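Below: one structure, written as structure tokens.
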Amino acid sequence: MSSPNATLPLQERVEAQGHLIDSHIMEQIFDSVVEHGGRFEVEQFRIGRTNSEPSNLRLKIEAPDADSMQRMLSQLLGLGCSMVDSSDAELRTVERDCCAPEDFYSTTNHKTFVRRNNQWVEVQNQRMDALIVVAAEGAWCRRLRDIRAGDQVVTGMRGIRVTPESKERDRLAFAFMSNGISSERQVETAVKQTAALIEHSRAAGHKIVAVAGPVVVHTGGAPPLSKLIREGYINALLSGNALGVHDIEAALLGTSLGIRQSDGRQEEHGHRNHMRAINAIYHCGGIRGAVESGRLRSGIMYECVKANVPFVLAGSLRDDGPLPDAITDMNQAQDAYAEQLKGAGLVLCLGSMLHSIAVGNMLPSWVKIVCVDINPAVATKVSDRGTGQAVGVVTDVGLFLDLLARTLIPAK
């Protein structure tokens with residue numbers, strides 16, 4: 001019987017750098033080793049002496065077998081560890097379109113580097129769940145469906161360095177709860193901090209992207225969101241067919257899902273109003289045509305056209321119509337979303353769980369996300385799917401947008 005202190009057969013050395021204590025990364029590193037049946041020995045640890053100075057960790061890890069070591073290293077790479085072994089990244093050639101080698105490296109949303117010719121090269125177009133394609137001019141994240149025969153893709157775990165975003169000491173953390181806490185104070189604080197993030201992104205020259213669901217219209221958020229678009233605070237709008245339909249229904253017929261926005265009462269035969277709105281847009285040849293002809297004179301989609309703010313409406317199986325502007329091919333819709341997310345510094349997710357999760361999957365971890373929804377599970381689900389930078393504001397979307405517009409654009 002072997003001693004519990006006996007050396008396990010496989011050993012590697014890894015190192016990590018960053019705000020390892022503040023971000024709770026070091027404890028996650030230790031836990032990951034133990035969870036995979038391994039052992040660790042801290043060979044070197046130097047703690048940062050200031051808030052800006054990183055800490056450095058060097059660790060010897062042991063595993064009972066190759067499979068455990070592989071799974072352990074995969075987990076540790078995502079936490080920012082890199083192997084001390086300084087060899088170049090291992091590459092294999094793709095033999096068929098859309099068919100990667102079995103041991104391809106699957107990316108996280110954190111900043112990633114690969115080692116080529118003894119130099120660390122930053123990977124471009126960072127996103128999670130992608131492959132890394134390497135060529136003479138650099139390295140890029142590429143989706144599985146986009147790889148082509150002849151591409152050189154990174155495999156294994158060597159020659160890869162991941163840099164997680166450090167936890168910010170002043171990170172937003174909101175909970176709009178129906179208990180003794182003053183909900184008004186909570187949402188006002190969230191709005192002020194979100195407004196500060198917006199101003200910071202604008203000053204840095206980064207785009208602010210809104211991801212909005214139809215609840216924006218149902219809760220009275222269309223006028224303040226329209227105002228934010230008109231005043232230049234939103235640089236792109238990503239949504240589904242439903243937002244466009246109900247926004248246009250409200251602008252043309254004064255109802256949302258057949259409910260009068262003036263008094264909240266059911267409009268007689270109002271259930272068909274969304275179809276009448278879709279039909280009107282078809283008669284105009286599309287949303288832009290409806291604006292240019294004067295048929296559509298207000299609302300979110302109207303302001304996007306007038307301000308030349310690009311919008312993408314991704315269709316789905318349940319859509320009525322859909323609007324002629326809706327993109328019904330999901331691959332094309334993903335591509336259109338990704339194009340508008342380039343250069344984003346801040347993304348506001350407003351009452352749309354599925355679109356929020358989809359956008360989170362496309363973004364690198366250094367792009368901030370504020371997720372506003374009345375359901376606290378939405379922000380949790382976005383974060384649980386790997387988008388750790390998402391911050392939840394649990395409140396009514398219409399109220400949030402109204403306060404945000406008032407904060408950023410004071411009444412004259």
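The values are calculated or read from the model by the stated rules, or taken from the named source; none is laboratory data. Values in this document were obtained by computation on a predicted structure and should not be read as measured data. We place every Cβ from the backbone using ideal geometry, glycine too, and count neighbours over all the protein chains shown.
List of remarks:
- L348 being under 26 Å from V393 (Cβ atoms) and either touching a residue at least 12 places away in the same chain (Cβ under 8 Å) or in a strand (DSSP E or B) (or both): yes
- Considering G232, G244, the condition of being touching a residue at least 40 places away in the same chain (Cβ under 8 Å) and under 22 Å from L354 (Cα atoms) is satisfied by G244 alone.
- Single unsatisfied condition, Q119 versus (1) over 26 Å from the mean Cα position of the chain (by Cα); (2) more than 17 Å from D146 (Cα to Cα); (3) surrounded by 12 or more Cβ atoms within 10 Å (Cβ to Cβ); (4) modelled with pLDDT of 90 or more: (3)
- Filter result (more than 21 Å from G159 (Cβ to Cβ), within 29 Å of the chain's Cα centre (by Cα), surrounded by fewer than 17 Cβ atoms within 10 Å (Cβ to Cβ) and not acidic (D, E)) within the range 34-77: N51, S52, P54
- Residue in the range 271-281 that is exposed (fewer than 14 other Cβ atoms within 10 Å of the Cβ), of a type outside the set (D, E, K, R) and in contact with a Gly (Cβ under 8 Å, 6 or more places away or on another chain) present: yes
- Residues that are buried (at least 17 other Cβ atoms within 10 Å of the Cβ) and on the phi > 0 side of the Ramachandran plot, drawn from the range 78-115: G80
- Among the residues of the range 128-145, those identified as part of a strand (DSSP E or B), at pLDDT 95 or above and among the hydrophobic types (A, V, I, L, M, F, W, C) are L131, I132, V133, V134, A139, W140, C141.
- Test: residue in the range 60-73 that is β-branched (V, I, T) and either assigned by TED's automatic domain parsing to the domain that holds R158 or under 17 Å from V14 (Cβ atoms) (or both): yes
- Residue in the range 380-394 that is hydroxyl-bearing (S, T, Y), at pLDDT below 95 and surrounded by fewer than 17 Cβ atoms within 10 Å (Cβ to Cβ) present: yes
- Any chance A390 is touching a helix residue (DSSP H, G or I) at 6+ places or on another chain (Cβ under 8 Å) and either hydroxyl-bearing (S, T, Y) or assigned by TED's automatic domain parsing to the domain that holds A204 (or both): yes
- If the condition is being buried (at least 19 other Cβ atoms within 10 Å of the Cβ) and of a type in the set (A, V, I, L, M, F, W, C), then the range 122-150 contributes V123, M128, A130, L131, I132, V133, V134, A139, C141, I147.
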